[in-house]
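Please read the structure below before turning to the comments.
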Amino acid sequence: MSKLKLMFVGDISLGEHYFSFGHGPKTTAKSKDIFSSVRAIFKEADFVYGNLEGPISDVGLNPNEPESVVFRGEPRAASELSLAGFNLMHIANNHIIQHGEEAYHHTLQLLRSNKILPLGNKGDDCIIEKNGIKIAVISASAVPDNTDKTQCLYETLNTAEIVEKAAGLKGRVDWIIASLHWGLEEKIEPIPEQVEIAKRLKEAGVNFIIGHHPHIFYSVDAEENYLCAWSLGNFVFDLPWDDRLCRSAVLEITLDKTSYKALLHPVNILPNGMPLLSGEPQQIGYGSFSLYKNSENFSFFGFKKLAFFIKNSLNGHTHLKFTFFKRKILNRLSPAGADK
């Protein structure tokens, strides 16, 4: 019987965080293959999917302005993604239009020209087919956009609409995937709202829920013809101040027309944002599978971030870093900032 292999990863930032200007993924990619560790396993997959957390465009770029540089990848990143094996990329998230509509459209153009299908653009439906197996992918974001709360460029999560879409797809496809940017940062498990949404989607016929946004790898729940990966955590991201942000995995799902098997390839993320395979694949059985034990304590989270900034303040693009930090301090000292 024909089979199909899919691989899913979490958040991919091909730009750089404020604290990593000059030594994060964008800079590292100029001299290294940031996907070197996972390239071999990606070659085994028919489809490789990730969440692109930020545009890959130089449209409107001011290289001396931190707000214009942050989380912005370079246009060549589209080719790097394609060469690594990616051919599906979720783009409905709270950072993708951070640098404007033109940069957003340029990003989609670059992805498509490199044979990567963007998932979640407003009004775009996605059905992929290979080896006689047909899969529908429904993509959306439940996280308010960072720059435009009323944006209409990418799909926002409407549970009733997804339920309706899933009902209309029954009988037309073999499997239905819901790709969702959802949940809360500084949480180690789904919130009740997510649990209720997942229940409704499962009842509507959604087979796989692939989640991202919290930057932490959650447990995976699996049963016959259904799997929910609540959060795949980070994959390429320069947030190294907490171990929970650096532990991740590649979710592999192999399926035929009626059944599936799933496993996780453990990944550790280096301080420069590169993913590194870090253990033997782990089979996912029915029930709840936890790859990592994540502490619930975030009491020192802010302190860890500040310590990382101080330690690396003289590395990379110091001008950009100190311009950002100075503004943060001045904002805190202003009457308006003090009220926040």
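Residue-level check: of (1) farther than 16 Å from A160 by Cα; (2) surrounded by fewer than 23 Cβ atoms within 10 Å (Cβ to Cβ), A198 misses just (1). I need the full set of residues from the stretch 11-51 which are touching a strand residue (DSSP E or B) at 6+ places or on another chain (Cβ under 8 Å) and within 28 Å of K311 (Cα to Cα), in order please. Hits for the stretch 11-51 are D11, I12, S13, L14, G15, P25, K26, I34, F35, S37. Here are some residues: F8, F71. Which one is under 30 Å from C126 (Cα atoms), in contact with a Leu (Cβ under 6 Å, 6 or more places away or on another chain) and aromatic (F, W, Y)? Checking each option against the conditions leaves just F8. Checked against the criterion of being farther than 17 Å from P75 by Cβ, among the polar types (S, T, N, Q), touching a residue at least 12 places away in the same chain (Cβ under 8 Å) and out of contact with any Gly (no Cβ under 7 Å at 6 or more places or on another chain), the candidates S2, S31, S57, S37 yield just one match: S37. Just one of the listed residues (E164, E155, E189, E185) is over 20 Å from the mean Cα position of the chain (by Cα) and charged (D, E, K, R), namely E164.
In summary, R72 fulfils each of the numbered conditions (1) under 21 Å from F325 (Cα atoms); (2) more than 16 Å from the chain's Cα centre (by Cα) with the single exception of condition (2). Considering (1) closer than 17 Å to D124 by Cα; (2) in a loop (DSSP other than H, G, I, E, B); (3) not aromatic (F, W, Y), the lone condition that E161 does not fulfil carries the number (2). When the stretch 39-97 is limited to residues that are of a type in the set (D, E) and part of a loop (DSSP other than H, G, I, E, B), the one that is surrounded by the most Cβ atoms within 10 Å (Cβ to Cβ) turns out to be E53. Scanning the stretch 163-181 for residues that are in contact with a strand residue (DSSP E or B) (Cβ under 7 Å, 6 or more places away or on another chain) and either touching a residue at least 60 places away in the same chain (Cβ under 8 Å) or among the basic types (K, R) (or both) returns K165, D174, W175, S179, H181. The condition (being in contact with a Ser or Thr (Cβ under 7 Å, 6 or more places away or on another chain), assigned to a strand (DSSP E or B) and buried (at least 18 other Cβ atoms within 10 Å of the Cβ)) is satisfied by just one residue among A140, A103: A140. Selection of the stretch 228-256 for residues being more than 23 Å from K43 (Cβ to Cβ) and out of contact with any helix residue (DSSP H, G or I) (no Cβ under 8 Å at 6 or more places or on another chain) yields S231, D243, R244, L245, C246, R247. Considered as a group, the residues in the stretch 137-152 that are more than 16 Å from the chain's Cα centre (by Cα) and of a type in the set (S, T, Y) include one that is nearest to G123 (Cα to Cα), and that residue is T150.
Listed by first and then second residue, the pairs with beta-carbon distance under 7 Å, at least 6 apart or on different chains, first residue in the stretch 145-162 and closer than 19 Å to H99 by Cα and β-branched (V, I, T), second outside any loop (DSSP other than H, G, I, E, B) and at pLDDT 95 or above, are T156/A140; T156/S141.
For the stretch 252-271, taking the residues that are within 21 Å of S288 (Cβ to Cβ) and of a type in the set (A, V, I, L, M), the one that is surrounded by the fewest Cβ atoms within 10 Å (Cβ to Cβ) is identified as L263. Of the residues that sit in the stretch 179-195 and are assigned to a helix (DSSP H, G or I) and not hydrophobic (A, V, I, L, M, F, W, C), which one is surrounded by the most Cβ atoms within 10 Å (Cβ to Cβ)? Checking each candidate, the answer is Q194.
Of all residues in the stretch 272-300, count the ones that are closer than 28 Å to G316 by Cβ and either surrounded by fewer than 14 Cβ atoms within 10 Å (Cβ to Cβ) or in contact with an Asp or Glu (Cβ under 7 Å, 6 or more places away or on another chain) (or both). Qualifying residue count, the stretch 272-300: 4.
Yes/no matrix, rows are residues, columns are (1) touching a Ser or Thr at 6+ places or on another chain (Cβ under 7 Å); (2) farther than 22 Å from V236 by Cα; (3) not charged (D, E, K, R):
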site: L270; (1), (2), (3): no, no, yes
site: I284; (1), (2), (3): no, yes, yes
site: S290; (1), (2), (3): yes, no, yes
site: G302; (1), (2), (3): no, no, yes
site: H317; (1), (2), (3): no, no, yes
site: R327; (1), (2), (3): no, yes, no
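The values are calculated or read from the model by the stated rules, or taken from the named source; none is laboratory data. The structure displayed is predicted, hence computed values, not measured ones. Reconstructed Cβ throughout: ideal geometry from the backbone, glycine too, with neighbour counts over all protein chains shown.
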